[in-house]
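Below: the structure, in structure tokens.
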Amino acid sequence: MTRHAVFVAAPLVLALFAGAAQAQDLDALKADTRKNALPVLPKVVAMMQETVAEKGAADAIPVCKEKAPQLLKEQAAKTGWDMRRVSLRTRNPERGTPDVWEARQLADFNIRAANGEKVETLETGEVVTENGKQVYRYIRAIPVGDVCLKCHGPVEQIDAGLKSQLARSYPQDSAFGYAKGQIRGALTVKRPL
Ligand code: HEC
């Protein structure tokens, strides 16, 4: 190897190592984020299934309205990260409206699902700069299961009493009309680096 080639190659090799290390860091961040955030999702589904079975759908409203946000809040307090649920079609726009990054990822999830990716495993993790600071952002699709249809399914199939109950609390409700297997929304996490 000529002296010139060594000079050229050394920074290149260093850059490659740095790239590999960064990819590894990102994998570790994603794994750690999953471990701390994702267990909330099956917990909410189980709670919803149990409550609907035992008390009926009208009495299960608090599971989506209070329990799910509460569990995320507890996990957020434990980790120090931001955690919430967002959707492109919200029932509660005050809480669930996505920011620009989240809206872009949700749109991308819809495209990926249309291309055959499994909705249950759709996720994205990315380091982004916000207000001059680097943060790690993670977002994971929340699929529509059978039990969700009671309150998020086609509006003509929703129980009349339940529908009027929902209408009283949510005058701007866009969260009807889903089918099983679609993307209801996403769990989103923002953690400082
Ligand atoms: C008993 C009725 C009911 C059922 C069943 C139900 N939800 Fe909800 N869902 C609601 C209500 C009410 C809200 C609004 C919560 C709030 O005020 O923040 C909501 C909100 C949400 C949101 C937050 C975004 C938004 O639209 O405001 C997500 C995500 C969500 N539901 C997912 C699900 C999933 C997934 C299931 C099935 C496992 C499900 N829901 C089943 C009533 C229900």
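Table for the structure above
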quantity: Condition broken by E156, with the remaining ones in (1) more than 9 Å from the ligand (Cβ to nearest atom); (2) under 26 Å from L122 (Cβ atoms); (3) at pLDDT 95 or above; (4) not β-branched (V, I, T) satisfied; calculated: (2)
quantity: Given (1) in contact with a Leu (Cβ under 9 Å, 6 or more places away or on another chain); (2) more than 8 Å from the ligand (Cβ to nearest atom); (3) not in a strand (DSSP E or B), number of the condition S174 does not satisfy; calculated: (2)
quantity: Looking only at the range 177-193, and only at residues there that are more than 11 Å from the ligand (Cβ to nearest atom) and among the basic types (K, R), the one that is farthest from V63 (Cα to Cα); calculated: R191
quantity: Flag if T97 is in contact with an Asp or Glu (Cβ under 9 Å, 6 or more places away or on another chain) and either modelled with pLDDT of 95 or more or within 13 Å of the ligand (Cβ to nearest atom) (or both); calculated: no
quantity: Scope the range 76-87; condition surrounded by fewer than 18 Cβ atoms within 10 Å (Cβ to Cβ) and touching a residue at least 24 places away in the same chain (Cβ under 8 Å); matching residues; calculated: K78, T79, G80, D82
quantity: Positions within the range 26-42 being surrounded by 13 or more Cβ atoms within 10 Å (Cβ to Cβ) and assigned to a helix (DSSP H, G or I), in sequence order; calculated: L26, L29, K30, D32, T33, R34, N36, A37, V40, L41
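The values are calculated or read from the model by the stated rules, or taken from the named source; none is laboratory data. Here the structure is a predicted model, which means the values were calculated and not measured. Ideal geometry is used to build each Cβ from the backbone, glycine not excepted, and the neighbour counts take in all protein chains shown.
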